[in-house]
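Derivation of every value follows stated rules applied to the coordinates shown; laboratory data play no part. Nothing here was measured: the structure is a model prediction, and the numbers come from that model. Please note: Cβ atoms are built from the backbone with ideal geometry, for glycine as well, and neighbour counts cover all protein chains shown.
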Amino acid sequence: MNISLSNVAWLEPVVNVAKGKNVGTNLQIIFKSLGIPLVGILVFLVLWSIAADRIDTSLGKFPGPGEVATQAKGLIKEHNAERIKAVAFYERQEIRNAERSAADPTYEATIRPYTGKPTYIDQIFTSLITVMSGFILASIIAIPLGIVIGLSENLYSAFNPIIQVFKPVSPLAWLPIVTMVVSAVYVSDDPMFPKSFITSMITVMLCCLWPTVINTAVGVASISRDLINVSDVLRLSYFTHIRKIVIPASIPMVFTGLRLSLSIAWMVLIAAEMLAQNPGLGKFVWDEFQNGSSDSMGRIMVAIVTIGLIGFALDRLMLMLQRYVSWDKSSATR
């Protein structure tokens, strides 16, 4: 993947300044791309700090930026300490098994998994796995469905009311239904995945389907008539028409839907994890709320900042992918 400097708004001007090219103009571009956002962030942090000093709760002062940073460092230390415990746990087993194997050559060594409490970092990765599983499953369903609907005016008219009805349904409404269905259908003495994970994943999938379906259908339906005429002249088969004409022409709208779906999936996941008690950031927030210690509010704010940063990063990654695969680069600028 070739990434041009022009794809990074502030990088090319920095290189030009280093080379001594149009220093004044490039410094203005750098300030607009980096300086103004940084000023905005600093103003936000100052206002946050001032407001936090004036808010008293049952657990003490509302956490400001400094307290949140302190709690973040504490969570990282807890993660590192837990990893050290895990390594020591497996080392003890290896030593014990080696000694028993030396005393009894017929002994079959077994390694028991470490069952320590998931750390904050572990729960971040659990949430990412859950949300990407639900998002990918939704995309596999939504993109083909959107293409089929977009190719037929009758199907578009038939499905549009259904989509509009289910699109605004909250995850809080879906979750009880999904929980009952999963409990009834997903029955196994040795399940591959925990039921809470399946419940959260399906809830995410149901809530983030619709933006991709709608945008894909609209993108397909709005394909230029000239392209359709070319397909007719060449007598392309149905699937060749989709592969050569429909998909390339509708890519910008498809990615618009995917970006919206991914942002919705990430928001839905937190609520789903809270209620389904699936390990992840949502459950972490709920556990800290229930804990009610003096550090709880600071830890919850760490989670809120983390959720926001990850959501932003996921959107940027999707935007980069859109730039790479889309012919319309102007549609992937923000």
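Using Cα atoms only, what is the angle between the long axis of helix 296-325 and the major principal axis of the chain, expressed in degrees (0 to 90) to the nearest 10?
30
Given +1 on the Cβ of Lys and Arg, -1 on the Cβ of Asp and Glu, and no further charges, what dipole in debye does the chain carry about its Cα centre, rounded to the nearest 20?
Values: 27 positive and 23 negative charges, 199 e Å.
Around 960 debye, computed over the chain.
Calculate the FRET efficiency for Lys61 and Gln164 from the Cβ-Cβ distance with a Förster distance of 45 Å, rounded to the nearest 0.05.
Numbers: r = 46 Å, r/R0 = 1.01.
After rounding, the FRET efficiency stands at 0.50.
How large are Rg and Dmax for segment 19-171 when only the alpha carbon atoms are used, in Å?
Radius of gyration, then largest Cα-Cα span, for segment 19-171: 27.9, 78 Å.
Starting from the coordinates of the alpha-carbon atoms of segment 181-334, obtain the Kirkwood hydrodynamic radius over all distinct pairs and give the value in Å to one decimal. Could the numbers behind the result be given before it?
Working: mean 1/r = 0.0542 Å⁻¹.
Hydrodynamic radius (Kirkwood, Cα pairs) of segment 181-334 is 18.5 Å.
Cα centroid distance between segment 97-111 and segment 67-84, in Å?
A separation of 37 Å, based on Cα centres.
If the viscosity is 0.890 mPa s and the temperature 25 °C, what Stokes-Einstein diffusion coefficient in µm²/s follows for segment 48-90 when Rh is the Kirkwood radius over Cα pairs?
Values: Rh = 12.3 Å.
Answer, rounded: 200 µm²/s.
Across the Cα atoms of segment 150-249, what radius of gyration and what greatest pairwise Cα-Cα distance (Dmax) are found, in Å?
When restricted to Cα atoms, segment 150-249 yields Rg and Dmax of 19.1, 58 Å.
For a quick check: sort Leu206, Leu128 by the number of other beta carbons within 10 angstrom, fewest at the front. Intermediate values should be presented prior to the final figure.
Working: Leu206 22, Leu128 16.
Taking fewest neighbouring Cβ atoms as first place, the list is Leu128, Leu206.
With the radius of gyration and the Kirkwood radius both derived from the Cα set of the chain, what is their ratio Rg to Rh?
Numbers: Rg = 25.7 Å, Rh = 24.2 Å.
We get a ratio of 1.06 for the chain.
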